[in-house]
Amino acid sequence: MKTVAQYVDFLESKGFKLQEDAIGFIHYGKQYTKATDELTNTAIELTLKSQKEFDGSYYISLLETLVKSKISTRGAAIRFIKERKLMAI
C-alpha cells in the first residue's frame, strides 16, 4: 500500500502533475476526514477518473462520503460507488 506522498509521486510519473495547492488540499482532506492512506488514494483516483482533473471540492465530498459510510478499502469504495451509481467507473 502506497502512502499518499508515494501515490502522488506515482501519478506524477504517469503524467498527472498535481499543483502544490492540490497536494495541500489532498493532505488537508485526509486530516479533516481522518481517512487512511488507502481511502485517500482511492478518493484521488476516483476524482481524477470522474472529473478528468483534480477537483478539490469533489475530492473532499467523495472522501467525506466514504468515511461516513465506514468504507475502508479501495475495493469496498469502488463497490459503494457502483452500487449507488455515483459515477461511471
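Read-outs: derived from the displayed coordinates by stated rules, not from any lab. Because the structure is predicted, anything quoted here is derived from the model rather than measured. With ideal geometry, Cβ positions are generated from the backbone for all residues, glycine too; neighbour counts draw on all protein chains shown.
So what is the orientation-averaged projected area of the chain, using the convex hull of its C-alpha atoms, in nm²?
The directionally averaged projection comes out at 5.2 nm².
When the chain is treated as a GNM, springs tying every alpha-carbon pair under 10 Å, which of Leu62, Leu46, Leu11 comes out with the largest mean-square fluctuation?
Greatest mean-square fluctuation among the candidates belongs to Leu11.
Residue by residue, what Karplus-based ³J(HN,Hα) values in Hz, rounded to whole numbers, does segment 11-17 have, using 6.51, -1.76 and 1.60 with θ = phi - 60° and x for Gly and Pro?
Running phi through 6.51 cos²θ - 1.76 cosθ + 1.60 with θ = phi - 60° gives 4, 5, 5, 9, x, 8, 7 Hz.
Which entries of Lys2/Lys85; Lys52/Lys85; Lys2/Lys52; Lys14/Lys68; Lys17/Lys70 show an alpha-carbon separation above 24 angstrom in the structure shown?
With Cα atoms farther than 24 Å apart: Lys2/Lys85; Lys14/Lys68; Lys17/Lys70.
Once both axes come from the Cα atoms, what is the angle between helix 74-83 and the longest principal axis of the chain, in degrees from 0 to 90, rounded to 10?
50 degrees
May I ask for the net charge around Ser72, where only other residues with Cβ less than 13 Å from the Cβ of Ser72 are counted and Lys, Arg are +1 while Asp, Glu are -1?
In short, +3.
Running a GNM on the chain with Cα contacts under 10 Å, which residue among Lys17, Lys30, Lys68 ends up with the highest mean-square fluctuation?
Lys68
Starting from the 7 Å offset along Cα-to-Cβ, what nm value, one decimal, do you get for the label separation of Arg74 and Ser61?
2.5 nm
Read phi for every residue in segment 23-37 and hand back ³J(HN,Hα) as whole Hz from Karplus 6.51 cos²θ - 1.76 cosθ + 1.60, θ = phi - 60°, with x for Gly and Pro.
Karplus-based 3J(HN,Hα) across segment 23-37 equals 5, x, 5, 4, 5, 4, x, 4, 5, 4, 9, 6, 7, 6, 4 Hz.
Which residue fluctuates the most in the chain, going by a Gaussian network model with Cα springs under 10 Å, if the choices are Ala35, Ala43, Ala22?
Top of the fluctuation ranking is Ala22.
Just need the relative contact order of the chain here, percent rounded to a whole number, with Cα pairs under 8 Å and 6+ apart.
27 percent
Angle, helix 56-68 long axis vs. longest principal axis of the chain, Cα atoms, 0 to 90°, nearest 10?
40 degrees
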